[in-house]
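This report refers to the structure that appears directly beneath it.
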Amino acid sequence: MLRYLKYLFIVFLLFNTYIKMNGQSLKNLFPSAISPWEAKEPVRYFDTATLYEYIDGGAELFISYDFKKAASLKYTSEDQPDIVVDIFDMGSPANAFGVFCHVREKTDPHYGQGAQVYDDAIVFWKGPYYISVMAYDITPEVKTALPEMAGTIDERISVTGPLPEILKRLPGSGLEKNSILYFHHYIWQNTLGFLADTNFLPIHSGTDAVLANYIFNKDKQTLLLVEYKNSGDARNALKNFTAAFDLPMKNPVFSRLEDGTWIGALQTASRFVLVFRGKNRKNTEYLIRNFQQQP
């Protein structure tokens with residue numbers, strides 16, 4: 001009997017750990033009211049098939065980060081604008097952070113694991129969740145309610161998660177931290193500066209990629225780092241890059257483009273790093289060499 005009870009206890013612990021690791025019920029994350037706002041309608045749920053119906057034109061962002069499901073709830077109050085809360089389950093902290101990168105201008109540390117605060121909205125990420133708290137208009141009451149709503153949801157989310165591992169590979173000197181963009185869909189490769197309209201590296205759901213701006217003495221450059229599953233894919237990325245820019249197949253390779261900016265690339269093990277938009281070779285080469293020393 002004692003052995004059976006011990007077995008049940010172990011099963012309970014494993015199940016409880018599974019729940020913590022795989023998220024909470026989205027419905028339980030919503031407060032029923034933040035006075036004087038109340039939720040008078042049921043929570044609405046969306047998946048990959050129905051998300052386009054809810055945010056037509058904006059669903060692609062979430063889908064590109066392996067979106068799992070979402071829930072939305074509207075709060076109303078007499079003589080006050082509505083407040084809408086959307087909670088997206090992105091499946092992993094890395095994907096939730098990736099979506100947040102697209103709205104972040106300056107990270108606010110007061111909500112979740114990072115937030116962007118506007119007059120009419122607060123968005124933040126925590127664990128596998130991306131949360132949007134938005135009002136239809138701005139009033140003094142709204143300015144009080146939004147922080148309370150965001151703070152309440154933040155407290156109800158019991159899980160946190162690490163930043164993507166690939167961020168540890170970025171050289172620290174000169175890095176503009178709020179420019180970091182994590183992704184694994186090639187459509188975002190042009191976010192900080194145009195590279196190509198094709199998936200020439202290639203970047204897909206099986207790869208991790210990160211963009212970031214660097215500044216050295218007013219010389220702003222952009223670094224793109226891609227981590228592949230194996231070194232063969234990384235070598236192909238270097239081959240495709242040199243072909244696309246009509247450069248010699250070298251490793252590393254540097255060149256001055258027709259617009260006067262410098263571009264450089266390096267393949268090492270299963271990683272491919274590209275630095276572009278630099279004003280001089282020295283700074284471009286510095287970033288490439290500095291990356292080469294990363295673990």
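The values are calculated or read from the model by the stated rules, or taken from the named source; none is laboratory data. Owing to the predicted nature of the structure, the values given are computational and were not obtained by experimental measurement. Every residue, glycine among them, receives a Cβ derived from its backbone with ideal geometry; neighbour counts consider all protein chains shown.
All conditions but one from (1) surrounded by fewer than 22 Cβ atoms within 10 Å (Cβ to Cβ); (2) in contact (Cβ under 8 Å) with a residue 40 or more places away in the chain apply to residue 85; the one that does not is (1).
Count of region 176-197 residues, restricted to those that are in a helix (DSSP H, G or I), polar (S, T, N, Q) and over 12 Å from the mean Cα position of the chain (by Cα), is 2. The set of residues in region 117-131 that are surrounded by fewer than 20 Cβ atoms within 10 Å (Cβ to Cβ) and at pLDDT 95 or above comprises 117, 118, 120, 121. Of all the residues in region 61-92, those that are over 28 Å from residue 140 (Cα atoms) and assigned to a strand (DSSP E or B) number 3. Among the residues that make up region 38-60, is at least one of them touching a Ser or Thr at 6+ places or on another chain (Cβ under 8 Å), over 23 Å from residue 147 (Cβ atoms), part of a loop (DSSP other than H, G, I, E, B) and not acidic (Asp, Glu)? Taking every residue of region 38-60 in turn, none turns out to be touching a Ser or Thr at 6+ places or on another chain (Cβ under 8 Å), over 23 Å from residue 147 (Cβ atoms), part of a loop (DSSP other than H, G, I, E, B) and not acidic (Asp, Glu).
Kindly indicate whether any position in region 58-76 is more than 18 Å from the chain's Cα centre (by Cα) and touching a residue at least 60 places away in the same chain (Cβ under 8 Å). Yes, the conditions are met somewhere in region 58-76.
Exactly one residue out of 148, 155 is surrounded by fewer than 16 Cβ atoms within 10 Å (Cβ to Cβ), free of Cβ contacts under 8 Å to residues at least 40 places away in the same chain, of a type in the set (D, E, K, R) and in a helix (DSSP H, G or I), and it is 155.
Checked against (1) exposed (fewer than 13 other Cβ atoms within 10 Å of the Cβ); (2) over 25 Å from residue 283 (Cα atoms), residue 233 meets all criteria but (1).
No other residue among 255, 205, 173 is closer than 19 Å to residue 285 by Cα, of a type in the set (Gly, Ala, Ser) and not in a strand (DSSP E or B) apart from 173.
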